[in-house]
Structures are given as structure tokens and as C-alpha cells.
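Below: the structure, in C-alpha cells.
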Amino acid sequence: MFSAETIAAEIRAEEMQLRKAVADILKGRTRLRNQERLVAAMGQPCASSVGHRTKQEAERLAVLIRESLAEWERHRALIQQRLAYLRLRQQRELKS
């Protein structure tokens, strides 16, 4: 059986992880927007000196960033689930 102090410590740790995950997601969204702007700019007539391969690599990077964001969001959801579980345990522990 976990003590109330142990559960509280786990909650604090998970809350810290959640804050980091949220910050990382926000930074990732900014990176994705920037990358998408760069890719769009590569398609402009003034960017005709950009090679086809370079544009493909830039598009691939945008895809990778998008995929990473999806994983980070899944990770955030897992942290939120863990927090909900810990808070429920904490409530049960306090009642007993």
C-alpha cells in the first residue's frame, strides 16, 4: 500500500512532467508552423533556385515534426490519465 506522502510526491512529479509536455507541444507547434511557412516559400516563383530535392527534404521534415507532435500529444494524454488515477488513489487514501 502506498502512503499518502508517496502518492502526493508522484502527483507532483507527474504534474511537472505534464507542464514540460505542454511546453514541448507548444514549441513543437511553433516549429511546425515555421517549417510549413518555409516549405510554402520554397514553392514561390522567387524561390526557383531551390532544388526539388531540398523542397522534398523540407516537406519530409514537416511530416516528421507533425508525427512527433502526435506522439507528444499521446504522451501528454498518458500523463493526464496517470494523474487522474493518482488523484483518485489519493482521495481513497485520505478517506481511509
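Observations on the model:
- Listed by first and then second residue, the pairs linking a residue in segment 3-32 that is of a type in the set (S, T, N, Q) to a residue that is open to solvent by less than 60 Å² (accessible area, probe 1.4 Å) and in a helix (DSSP H, G or I), with Cβ atoms under 7 Å apart and 6 or more places separating them unless they lie on different chains, are Gln17/Ile79.
- No other residue among Leu94, Leu61, Leu83 is within 27 Å of Met42 (Cβ to Cβ), in contact (Cβ under 8 Å) with a residue 12 or more places away in the chain and not polar (S, T, N, Q) apart from Leu61.
- Test: Leu78 is in a helix (DSSP H, G or I) and loosely packed, with under 11 Cβ neighbours inside 10 Å: no
The values are calculated or read from the model by the stated rules, or taken from the named source; none is laboratory data. As the structure is a computational prediction, the values presented were derived from the model and not from experiment. All Cβ positions, glycine included, derive from the backbone under ideal geometry; neighbour counts span all protein chains shown. All accessible areas refer to the heavy atoms of the entire protein, side chains included, with ligands and DNA or RNA removed. Shrake-Rupley method; radii C 1.70, N 1.55, O 1.52, S 1.80 Å.
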